[in-house]
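A short worksheet on the structure shown next.
Here, each number is a calculation from the coordinates, and none is a lab measurement. Quick caveat, the model's predicted, so the values are computed rather than measured. Quick reminder, even Gly has a Cβ in these numbers, built from the backbone with ideal geometry, and neighbours come from all protein chains shown.
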């Protein structure tokens, strides 16, 4: 073929950290604290809801409403209306998608034109950048920066956004700001900064894409606040959520976007021209899950209380393990690629030589800032204790020079 | 909110026939022969496979982005045998969200702004908006009818190809007509693709639903075509589980890799337990391929009976069916009913079939789909006398439709 075979919208977005590193973890059968998925089962009630849906009538196996299975959009509207403080219309204000991933894709495709600028807070879940690029937009980055001097044990709360720096990123071409709270990979829960971001969005009439897939997983009394609930923000915020993260069932790929109808309608247009429908049975099960959680919200039976409580312990276990081995990245030059960032090389070495898989954090940074942050690796701790024990074992042996 | 307008790529793409007509047919008192989904149950082993998959912990978590290993391996086996070639499960297959998702991945991965894409009318309605969303120009060519035979005029088709033509989309068996393209017709298309160095996106979601006297030919198996063809299939149509939304693209690595790039930047991975269940279903039927117990054969057998019944019902009322060679839709010419629709509320320039279907849903409680939804403006006049009926329905549904049509005849 004389002219270029592939569409130019796929230029520069072909590399993917997950494709690369999940393959590596699988090839070396590593103890996998890399890609973010639980290695324990989803809660019983949600598994039962799925079984019930599967054995339900024939309609459970045929197309449902394209923009979201009616029981699911109704239960999402009911559940989130009281949290956001706004009456959410189930048919107009919600779009169900194939994971939060597809919700993000719909948002960028529906709203970003060639030449629009999109501000992304770093470190960012890696897909934001290629999605902005594919939509013809220009990513403008603003990093979270650690407050304390290095050496101190930092909490993710010590990573902050500078008001001046953020304000300086807004231009007449700024279409949207993308925030992720709680943040992947750092874990920061934004609270005070939300008002600052909101003020700027309102001032510059920009949209806010708020990725809140980890909304239930907050620790140490940190409170998750929805930016859409702040004054003047409902009509300009797209809030993205995930059944996979909410119910520890990442393999179901059910997500949603909630926003004002005038924005959702454009996302619906993208959706009806991309996948059109999402799988019925999984949506039915998630609907049942939310119905159940609505009834027990705030009580100890709520999965949204139990899961963070369980993960809090795992977080502490992993943290103390890492501290006790005094983890300092030791860069061995076994890699053949000199252009590769330090953390990429380190993670590959750790996977191949020690059988422990993690994710390099510079994958979550823009090219311009990745060098500053290539000394970090990301551990996922939503794992069975036995997995964390296995990781601890590897780290102890390594620290003893074994 | 003046700045919060939509992106240019979706300009004019907001209307959708399904959104409009499925809500119309949602009234439970309406006999729904409209949207293409079975009301017959899927095979029990496939539901069983899903329940079993979901009971395994890791089946509820992310699987491989480009397709669950057991599924791509099963697909490689099935299609390797059908195509008579080795198909690499990891490099030559992509699992997508339905056949729809495969079409989207093709357009986004391979169609550039300014390209032209040839589409044969009538076409499954999403092809045109997907081409437009990719910034390309749909170039339409109608199937023409001669003595109940639908064909492509070779000179007309040839005239549609030029240096801007990136791809041609074919759909065999065709939705809505039900035409199964012959080897000669596919060869004609292939010759043009090779001559003009264009790609071919072959939507074969109804590939197993072929009726007696016809054979499904994969254009990708014709000489020179494997390297320039993406073949699309669907679990939903194969196993009567449209609500599972799983499909696949099969093709050469140098094309599939671009679809994989699209996948990793759009939704990343498809649902795991569903993929595992489809893999089980494929392996089970692979063992029995060609035998009467194979679902691919038995479903076609069952549907041929329903097709014949539907045709008889329709003829009895004085309408003229277009007997499909494959698929589960039937076009019906309503001209002879001479139905006066002047009182039907709607746009003045609304096509006759749209008005007819709306009237039929409201007055007769029978839902169909208007066929001009599947053609461009220039072909509307030729096709506005047709409505599309879906016959992958329980006998009781077909009986209910029969009742309605019989009483209509009496009026």
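For chain B, how big is Rg over Rh, using alpha carbon atoms and the Kirkwood form of Rh? List each step's numbers first, then the result.
Values: Rg = 21.1 Å, Rh = 22.1 Å.
That ratio is 0.96, to two decimals.
In region B:132-232 the Cα-Cα distances spread across 5 Å bins starting at 0 as 2, 12, 23, 26, 21, 12, 4, 1, 0 percent of all pairs.
Where does chain A land at 222 nm, in deg cm²/dmol rounded to the nearest 500, when only DSSP H runs of n ≥ 4 count, each adding -39500 (n - 2.57), divided by all residues?
On the way: 13 runs with 159 residues, N = 402.
Mean residue ellipticity at 222 nm (helix-derived): -12500 deg cm²/dmol.
Protection proxy ranking of B:278-285, A:297-304, by the mean of other Cβ atoms within 10 Å over each peptide's residues and highest first, is B:278-285, A:297-304. Of interest is the spacing of the C-alpha centroids, which for region A:228-246 and region B:1-62 amounts to 24 Å.
Over all projection directions, the Cα-based convex hull of region A:45-296 averages an area of 13.6 nm².
At a Förster radius of 60 Å, what calculated FRET efficiency corresponds to the Cβ-Cβ distance of residue B:212 and residue B:5, to the nearest 0.05?
Details: r = 53 Å, r/R0 = 0.89.
Here the calculated transfer efficiency is 0.65.
Inter-part distance, region B:370-407 to region A:65-82, computed on C-alpha centroids, equals 32 Å.
Normalized C-alpha radius of gyration of region B:207-287, against 2.2 N^0.38 Å? Intermediate results must be reported in sequence, preceding the final value.
Values: Rg = 14.6 Å, N = 81, 2.2 N^0.38 = 11.7 Å.
Normalised by 2.2 N^0.38 Å, the Cα Rg of region B:207-287 equals 1.25.
Region B:97-170 and region B:293-354 have Cα centres separated by 24 Å.
Taking the DSSP beta bridges with both ends in the protein assembly as shown, the antiparallel portion is around 45 percent. Evaluated at q = 0.24, 0.25, 0.26, 0.35 Å⁻¹, a Debye calculation over the C-alpha positions of region B:232-272 (equal weights, vacuum) places log10 I(q)/I(0) at -0.89, -0.92, -0.95, -1.08. Put simply, when B:377-383, A:366-372, A:113-119 are sorted by average Cβ atoms within 10 angstrom per residue, most first, you get A:113-119, B:377-383, A:366-372. Considering only B:309, B:85, B:388, the Gaussian network model of chain B with Cα springs below 10 Å gives its largest mean-square fluctuation to B:85. The sum of -39500 (n - 2.57) across all DSSP H runs of n ≥ 4, divided by the residue count of chain B, sets its helix-only mean residue ellipticity at 222 nm to -11500 deg cm²/dmol.
Which ordering of B:72, A:254 is given by a fewest-first count of other beta-carbon atoms within 10 Å?
Details: B:72 25, A:254 29.
Taking fewest neighbouring Cβ atoms as first place, the list is B:72, A:254.
Taking the DSSP bridge list for region A:100-187 and keeping only pairs wholly inside it, about 15 percent are antiparallel. Can you give the translational diffusion coefficient of region B:1-151 in µm²/s, computed by Stokes-Einstein from the Kirkwood radius over Cα pairs at 20 °C and 1.002 mPa s? The estimated diffusion coefficient comes to 108 µm²/s.
Per residue, the convex hull around the alpha carbon atoms of the protein assembly as shown comes to 162 Å³. Cβ crowding within 10 Å ranks A:247, A:125 as A:125, A:247, fewest other Cβ atoms first.
Of all DSSP beta bridges in chain A, what percent run antiparallel (nearest 5)?
Details: 12 of 34 bridges.
The answer is about 35 percent antiparallel.
Taking the inverse of the mean 1/r over every pair of distinct Cα atoms in region B:44-288 gives a Kirkwood hydrodynamic radius of 18.3 Å. Using the average count of surrounding beta-carbon atoms within 10 Å as a protection proxy, the listed peptides B:180-193, A:17-30 rank, highest first, as B:180-193, A:17-30.
Per-residue shielding of A:43-51, expressed as the average number of other chain Cβ atoms within 10 Å of the residue Cβ, stands at 2.
Within 10 Å of each Cβ in B:110-122, how many Cβ atoms from other chains are there, averaged over the peptide?
Working: counts 5, 3, 8, 5, 0, 2, 0, 0, 0, 0, 0, 0, 0.
Rounded to a whole number, the mean comes out at 2.
Extension gain for residue A:87-residue A:48 works out to 11.0 nm (0.36 nm per residue, less the C-alpha to C-alpha distance).
Quantify how strongly other chains surround peptide A:242-254 by giving the mean number of their Cβ atoms within 10 Å of each of its Cβ atoms.
On the way: counts 0, 0, 4, 0, 0, 1, 3, 7, 7, 18, 8, 11, 1.
Average neighbour count from other chains, rounded to a whole number: 5.
Each residue, residue A:294 and residue A:145, gets one label point 7 Å from its Cα in the Cβ direction; the gap between the two is 4.6 nm.
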